[in-house]
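Colleague: There's a structure below that I have some questions on.
Computed from the coordinates by the stated procedures, all read-outs in this text should not be read as laboratory data. Just so we're clear, the structure is a prediction, and the values are computed from it rather than from any experiment. Neighbour counts are summed over all protein chains in view; Cβ atoms, including those assigned to glycine, are modelled from backbone coordinates with ideal geometry.
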Amino acid sequence: MKWTLYLFILLGILSCKEDKPISTTQVIQREGFINIINEPSEKIQVINFWATWCAPCVEELPYFEKVNSKYDDVDVVLISLDDVEKVTSTVNPFLKEEEIKSSVYLLDDPYAAEWIPMVDDHWDGAIPVTLIKKGKEKYFINKAVTYDQLEEAIAQFR
């Protein structure tokens, strides 16, 4: 009987997925941003543009977190458009409170008219928006998404 208990404990330990730590924001300039959106990847990349002050953005963040924890072949990247001065006072506390574990960057580049078209020619600058890519294929979603819509978009890359 003891070996059965030990077996269950061992199986429980082995079946636990390694838990990622809560994210902190990495501030990036345009060069880092360009690398993120243009670098080809074998994994599916889901890149969401958001801000703490954007209610629809905050509402959809749990969907991205669910995808981030569900799939090993998907990288979720959250690019904050908050003011860089708000990283320690607002953005990082928000990430901790909401237990955000996806990669989080804050783009510190005031020339949005120059970098927005790099994401998609149809983006007018409003958020939230999401860019999904794998290799050279890209799919741009110019609105807030539901979890089902996000899953359907990701499925196009499988």
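Colleague: May I ask you to evaluate 6.51 cos²θ - 1.76 cosθ + 1.60, the Karplus curve with θ = phi - 60°, for each residue of the stretch 141-158 and list the ³J(HN,Hα) values in order in whole Hz, giving x for glycine and proline?
Modeller: Each residue of the stretch 141-158 in turn: 10, 9, 5, 5, 10, 8, 4, 4, 5, 5, 4, 5, 5, 5, 4, 5, 9, 8 Hz.
Colleague: A follow-up question, please. Of 86/134; 101/136; 43/86; 86/143; 96/133, which ones are farther than 29 Å apart at the Cα?
Modeller: 86/134; 43/86
Colleague: Suppose the chain between residue 89 and residue 41 were pulled fully straight at 0.36 nm per residue; how much longer would it get relative to their current alpha carbon spacing?
Modeller: Contour length minus the Cα-Cα distance gives 14.0 nm.
Colleague: While we're on this one: Pop a pseudo-label 7 angstrom from the Cα along the beta-carbon direction at both residue 72 and residue 99 and give the gap in nm to one decimal.
Modeller: Those two pseudo-labels are separated by 2.3 nm.
Colleague: What is the magnitude of the charge dipole of the chain about its Cα centre, with +1 placed on the Cβ of each Lys and Arg, -1 on the Cβ of each Asp and Glu, and no other charges, expressed in debye to the nearest 20?
Modeller: With Lys and Arg at +1 and Asp and Glu at -1, about 680 debye.
Colleague: Provide the gained length on full extension for the span residue 147 to residue 58, in nm with one decimal, where the gain is 0.36 nm per separating residue minus the Cα-Cα distance.
Modeller: Extra length available between residue 147 and residue 58 comes to 30.7 nm.
Colleague: Continuing with the same structure: Of 28, 74, 93, which is farthest on the positive side of the dipole of the chain, counting Cα position, with +1 on Lys and Arg Cβ, -1 on Asp and Glu Cβ, and the Cα centre as origin?
Modeller: 74
Colleague: How high is the FRET efficiency from residue 126 to residue 26, r the C-beta distance, R0 25 Å, rounded to 0.05?
Modeller: The value I calculate is 0.55.
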